[in-house]
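Worksheet: the structure to be examined is printed underneath.
The values are calculated or read from the model by the stated rules, or taken from the named source; none is laboratory data. Everything numeric in this text was worked out from a predicted model, so none of it was measured. Neighbour counts run over all protein chains shown; Cβ positions are idealised from the backbone, glycine included. Accessible surface areas use protein heavy atoms only, side chains included; no ligands, DNA or RNA. Shrake-Rupley method; radii C 1.70, N 1.55, O 1.52, S 1.80 Å.
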Amino acid sequence: MKQLRKMFIAGMAVLTLAVLFGGVPVKAASGVENMYENTSKNTKFYADLTGDNKKDTIRLKMTVDKECYFVQKLRIYVNGTKALTLRDKDSYYNVSATYIHMSKTKNFLQVTGRGDNDYCALNRIYRYDTKTKKMICVLDLSSDYLVSDGELVKATNKKIVLRHSYQPAESGQIRWNYTYVYKNKKFKRVSDTATVKSTLGKFVQKDGYEKYFAKNQFVAADSLRFYTSTKMKKTAFSAKKGDVLTLKKIKIHGKRMYLQFQKGKKTGWMEVNKSGSWNKTYFYGVRNRLAG
């Protein structure tokens, strides 16, 4: 019995050393890991971008404007070789890096940069090409301001989930998740439609409307019309001043954003983020909760 116990302890010691020094490959679970958040200084971290079960050395080097403090140039090095140089026209003051592991052959790096009023001016996901030793963009959220603020919240071997947020004047700050799948060396959004939540209930204002926002409800401040689809042709229902509506879904198509509301058993769509919408109050309690 004592001999068996000694053999077991010795075996575990050998296995532990093998794992520590790379003798036995360890398959990491799929997931998301924040490597650095909101930094404007040169940084270094370790993550497996090459898919060989060994952590690569990744360096972020930044050239920062001495007067305005925004990042003029961002360079990313993988194992000592420069893999990417960014000179974005939109200025940002700091950079965050998030590692995405989906499987052995699907490892990515999300790079984000925030500018004035916390605006997400840079948001791209890259894969590392082991042949060219370059970072290749596989999803560019920076080019679409409606979804540019996308935070990675989940990764599996088949998909990633990003949490987006935006502030239409009609509804105030809202938040929703979009799912993306990796296909043909690019990330594609699975659907333009998703469940959406209001975040206005988190505000400290005590005007009576916070209890509605907490339940994803809105009180109409004027007569409003809602449509059966985002084609905005056939009326689904109308709401009068004082009606309580429940926010249900969001849809983004091109540069247009739509929100679906429910009144009783009926649901209908309205287009939001329209030109001139900041001059009108659609729902009570929203305007005084809009960020400037």
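If you add up the charges near Tyr46, with Lys and Arg at +1 and Asp and Glu at -1, over every other residue whose beta carbon is less than 12 angstrom from its beta carbon, what do you get?
Once positives and negatives cancel, what remains is +1.
Judged by the mean number of other Cβ atoms found within 10 Å, the most tightly packed of the peptides 120-130, 39-49 leads the ranking 120-130, 39-49.
Here, the chain has an Rg and a Dmax of 24.1, 84 Å when only alpha carbons are counted. The residues neighbouring Leu86, those whose beta-carbon lies less than 10 Å from its own, together hold a net charge of +3 under the Lys/Arg +1, Asp/Glu -1 convention. Relative protection proxy for 131-139, 242-250, from highest mean packing down: 242-250, 131-139 (other beta-carbon atoms within 10 angstrom). A simple spin-label model places the labels of Asp48 and Thr156 2.1 nm from each other, with each point 7 Å out along Cα-to-Cβ.
For a protection proxy built on the mean count of beta-carbon atoms within 10 angstrom, sort 187-194, 224-231 highest first, please.
Values: 187-194: 13.9, 224-231: 16.0.
Highest mean packing first, the order is 224-231, 187-194.
Sort all Cα-Cα distances of the stretch 30-188 into consecutive 5 angstrom bins from zero, then give the percent of pairs in each bin up to the one containing the longest distance. Answer for the stretch 30-188: a P(r) of 2, 9, 19, 22, 20, 16, 8, 3, 1, 0 percent.
To one decimal place, what orientation-averaged projected area in nm² is obtained for the convex hull of the Cα set of the stretch 58-100? Intermediate values should be presented prior to the final figure.
Values: hull surface 13.5 nm².
It is 3.4 nm².
Percent of C-alpha pairs per 5 Å bin in the stretch 154-227, short distances first: 3, 13, 18, 19, 14, 12, 9, 7, 4, 1, 0. The stretch 109-162 and the stretch 223-276 have Cα centres spaced 30 Å apart. Local charge for Lys280 was computed over the other residues whose Cβ lies under 10 Å away, with Lys and Arg +1 and Asp and Glu -1, and equals 0.
Translational diffusion of the stretch 163-292, estimated by Stokes-Einstein from the Kirkwood radius over alpha carbon pairs at 25 °C in a medium of 0.890 mPa s, is 160 µm² per second.
Heavy atoms only, probe 1.4 Å: what % of the accessible area of the stretch 218-291 goes to carbon and sulfur, would you let me know? Here it works out to 46 percent. The slack in the chain from Ser191 to Ala221, taken as 0.36 nm per residue of separation less the alpha-carbon distance, amounts to 7.7 nm.
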